[in-house]
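One structure is given below, encoded as structure tokens.
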Amino acid sequence: MNVSRMDIPPRDCLERHMRTDVEFVTEDQTTLRGWLYEPEGEGPAPTVVMSHGFSATKEMHLDDFAEVFSAAGLAVLVYDHRNFGASDGVLRGEIDPWQQIRDSRDAITWAAEQPAVDEGRIGVWGSSYSGGHVLVLGAIDRRIRCVVSQAPAISGLANVRRLVRADQFAPLRAGFDADRAGRAAGQPPLTIQVAYENDPSEPAALPTQDTHDYFLTTAAERAPSWRNEVTLRSVEMLTEYEPGAYIANISPTPLMMVVASQDHVTPTDLALSAYSRALEPKSLLLLDAGHFEVYSGPNFERSSAAQRDWFLTHL
């Protein structure tokens, strides 16, 4: 589908003053916190609900995307997942994908009640791990009218098998079992680094060079609350998570997938294979980039414009 494109205003011209800090309570009474961007103009606006990927917080470039969307007349809700960033959560560093999906549905419910939001025109945006979440959400929640999935996680087990060497996979499984036995005996959950800090051979949930470079640089510069630690159970739950299984059920909700051609964190071929199973209406943007290069520079400029236009067209 051809859509008209608008120039993205320079970042120093974007309206930041319309961003307000917000919080909302999930069904199980956990408080999640984030930002609500309200565009200029009167009346409720089409709205995008956004969340980040594996262990990441909203300060890690989600504000950049939200500002582009807001400048085009979209309202945007950006929030931190439970157990991370500004949001509450009993077990810090725990990533339960299905709990995050339930929380996303609560975020949509809260957004729909806000005066700035047109409840009949709500879309969802996710990247990396949450890029998988929005595939599930688009398939199961018909309040959602449009989906953008960026560099998505498609198959948790396939992902982990790509990231973890074959001779280390069995010990990882043994670690899951030992952690489960320890928790049953009243011991605290075992933890693991998200990214290696010094030596690539260090155990890490995402043991790649670009993960190291992105998190350890971006966290220090933009998100000082980020911690390089998640529960080992988070990795076990990753191996059990198969969001790509839902992709054919998203239609007739419009789906846009943004795929990085050199992605080995959420592998390119898995994403393209999943896209081939999606039904119309759908659109694919293939970027000549690695997983984390989609968040900044020319790839961001190109991708955020295309995503903005997709939301404007379908919301």
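The values are calculated or read from the model by the stated rules, or taken from the named source; none is laboratory data. All values reported here derive from a predicted model rather than from experimental measurement. Virtual Cβ from ideal backbone geometry, glycine too; neighbours counted across all protein chains shown. For accessibility, only protein heavy atoms count, side chains too; no ligands or nucleic acids. Shrake-Rupley method; radii C 1.70, N 1.55, O 1.52, S 1.80 Å.
So how many residues does segment 277-295 have that are open to solvent by less than 70 Å² (accessible area, probe 1.4 Å), more than 20 Å from Thr253 (Cα to Cα) and either modelled with pLDDT under 95 or over 18 Å from the mean Cα position of the chain (by Cα) (or both)? Number of matching residues: 0.
For segment 153-192, the tally of residues that are touching a residue at least 60 places away in the same chain (Cβ under 8 Å) and hydrophobic (A, V, I, L, M, F, W, C) stands at 8. Restricting attention to segment 206-223, the residues that are of a type outside the set (Ser, Thr, Tyr) and surrounded by fewer than 19 Cβ atoms within 10 Å (Cβ to Cβ) total 7. Within segment 164-173, is even one residue under 20 Å from Ala56 (Cα atoms) and open to solvent by 40 Å² or more (accessible area, probe 1.4 Å)? No, there is no match, as no residue in segment 164-173 is under 20 Å from Ala56 (Cα atoms) and open to solvent by 40 Å² or more (accessible area, probe 1.4 Å).
Gly73 fulfils the conditions (1) open to solvent by 10 Å² or more (accessible area, probe 1.4 Å); (2) modelled with pLDDT of 95 or more; (3) within 22 Å of Ala220 (Cβ to Cβ) except for a single criterion, (3).
Just one of (1) more than 17 Å from Val160 (Cα to Cα); (2) touching a Gly at 6+ places or on another chain (Cβ under 9 Å) fails for Pro252. It is (2). If I ask for residues that are open to solvent by 40 Å² or more (accessible area, probe 1.4 Å) and within 16 Å of the chain's Cα centre (by Cα), which ones from segment 87-136 would you list? Hits for segment 87-136 are Asp96, Trp98, Arg102, Arg105. Screening Ala274 on (1) open to solvent by less than 10 Å² (accessible area, probe 1.4 Å); (2) at pLDDT below 95; (3) of a type in the set (A, V, I, L, M) shows it passes everything except condition (2). Within segment 201-241, the set of residues being over 19 Å from Thr57 (Cβ atoms) and without any contact (Cβ under 8 Å) to a residue 12 or more places away in the chain comprises Ser201, Glu202, Pro203, Gln209. Screening Glu236, Glu229, Glu301 for residues that are more than 16 Å from Ser128 (Cβ to Cβ), surrounded by fewer than 15 Cβ atoms within 10 Å (Cβ to Cβ), out of contact with any strand residue (DSSP E or B) (no Cβ under 8 Å at 6 or more places or on another chain) and not aromatic (Phe, Trp, Tyr) leaves exactly one candidate, Glu301. Taking the criterion of being of a type in the set (D, E, K, R) and within 24 Å of Glu94 (Cβ to Cβ), the residues of segment 22-69 that qualify are Glu23, Glu27, Asp28, Arg33, Lys58, Glu59.
Pairs needed: first member in segment 35-64, on the phi > 0 side of the Ramachandran plot; second member anywhere, open to solvent by less than 10 Å² (accessible area, probe 1.4 Å); C-beta distance under 7 Å; at least 6 residues apart or different chains. From residues that are on the phi > 0 side of the Ramachandran plot, the pairs are Ser55/Ile95; Ser55/Val194; Ser55/Val230; His61/Tyr295.
Of the residues making up segment 178-205, not one is surrounded by fewer than 13 Cβ atoms within 10 Å (Cβ to Cβ), at pLDDT 95 or above and closer than 15 Å to Val265 by Cβ.
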